[in-house]
Every structure is written in structure tokens, then in C-alpha cells.
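Structure first, commentary second.
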Ligand code: SIN
């Protein structure tokens, strides 16, 4: 794809590209918006370096792509900005958000289209984020498995990811969303098929017996984690990553304890996942 207003450098043939020539603090003109959108569709996750954004500028950039989502189970750290999800770890952290491969909030009936993470503090080493291409994960399955998956759905439940993260005293009052989605999802923009089950949120495949569901999901999770489908992003202070949750999964590497890592995420609303057979 030829770009006029930005420069796009691929990280791997499968997934990920760095974008140069954009100041995310300023409103994107129509051409730059379209090209950033096209680069995201082509590469599934895009990265920007050396950005300086206020909370409002971060939200404005996200809103260019759609309404912003508020996380159903994460604490609200800024009363006036419930859409800001704080991503933080320090010397007290035992776990961090997103340590398992996942697609954000797949437990929602209409899971987010994309997430935009801006890190302003990074550890001296480590704290990378890994991303994996779910189109490639689907395409590389053998035909009999593809045929079987096309008719299946999966249950996704927020409690799998968040139950032990919320305070024990709050658990009875909190609603953990759940939803049933097709195992193979058609991307609403590209029309491509991708795998849509993830370790973070998926519980089971209701059409199968328990042991069949567990075995099939474990096989798919291992397949999804194939290194050829991945890229690994090395953060610097003031880097931004924007990923498409409809066709990519990610995994936050927590290998930097006891150092600090801090940033804000905005999440762009999406639509109800569907499967459409290709002729
Ligand atoms: C997440 O949004 O899942 C966290 C990603 C990260 O901290 O790298």
C-alpha cells in the first residue's frame, strides 16, 4: 500500500508496523486519518514513537475511530475520564493486566474494535508487549479443523480475567459480563476470517462436551501462540500502540519486577462479532 502523509515500516511480514510522521496530539486530517486506519487494517497493530498527549488528546485520537468504551470491571482512576484505563506496575505488583494472550474485553456482547495504549514510564529492560495475527492463525489450520470451527461458538466471561483482581469484598456486587461469539470471526472491514477465542476470557464451546471443549480450546490456544504469527514491541517512554482487537491478540510481558511501568489506554467501541462464509 502506498502512503502519502505517513511513513509505515513493517516490524514483521505477519503483524505490526511503526508509523512515522504523525503527531497524535493534533487532530488528524482526513488523509492522515484514512492512512493510519489503512495501516492498522494492513498490519493489525501500529506503533508511534515520541508522542506527547494529554488525557484529552489521547481520548480525541481514540474518538476519531469511534466512541470510547469504559471497562466493565477495571477501577476508574480518573473520575472525569472513566474511559481511561490505567496500566501500571511497580514494586508492589504481583501480576499485571493482560499477562495472558487475549483480545480486550471479548466478554462484552459488542467487544472493542481497538485499544490505544500510551506508556509514559517504562522499565529499564523488559515490559514488551507481544501481538499475534488471528487471520494467520485461522488460515494455517488444516481444512477439516476449519470446517469444524465454522459452526461453533464460544462463551467468554470476564470473571476468568477479573474475578481475582477485584477486592474480595466487592465481588458479590460486581457484574462480570459474559457473551457468546463465533469461534471464527469475519472482520467487518477486511472481510477476512480470524480465530476469536483467547486464554484470557474464553471459557468453553457450548456445542461440545466439556473434555472435547477443553482439548479443542487448548489446541487452538497453543496454535495461536505460534511465533511466526507474532511481533514483539519494545516500548520506550512516550510510545503508543494501537491494536485491532478483532483480528489480533496481545500479551503483556511481566518480566521487569520490581520496576515501574505506567500508562493510559483508551479503548474504541466495536460491534457484535459475526461469521460470514466466504464463497
Ligand atoms: C493490555 O491492554 O492488555 C495491557 C498491554 C500492556 O500492558 O502491554
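Readers should treat all values here as calculations from the given coordinates under stated rules, not as data from a laboratory. Predicted model, so just to flag it, every value in this text is computed and none were measured. Note that we place each Cβ from the backbone using ideal geometry, even for glycine, and neighbour counts take in every protein chain shown.
What the table below lists for this structure:
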read-out	value
Top-ranked residue of region 221-279 - restricted to ones that are more than 16 Å from the ligand (Cβ to nearest atom) and in a helix (DSSP H, G or I), ranked as surrounded by the most Cβ atoms within 10 Å (Cβ to Cβ)	229
Given (1) within 16 Å of the ligand (Cβ to nearest atom); (2) surrounded by 14 or more Cβ atoms within 10 Å (Cβ to Cβ), index of the condition residue 33 fails	(1)
Output for region 82-94, where each listed residue is under 17 Å from the mean Cα position of the chain (by Cα) and assigned to a loop (DSSP other than H, G, I, E, B)	83, 84
Unique residue being in contact with a strand residue (DSSP E or B) (Cβ under 6 Å, 6 or more places away or on another chain) and more than 11 Å from the ligand (Cβ to nearest atom) when the list is 83, 110, 91	83
Single match in 45, 96 (criterion: surrounded by fewer than 18 Cβ atoms within 10 Å (Cβ to Cβ) and within 14 Å of the ligand (Cβ to nearest atom))	96
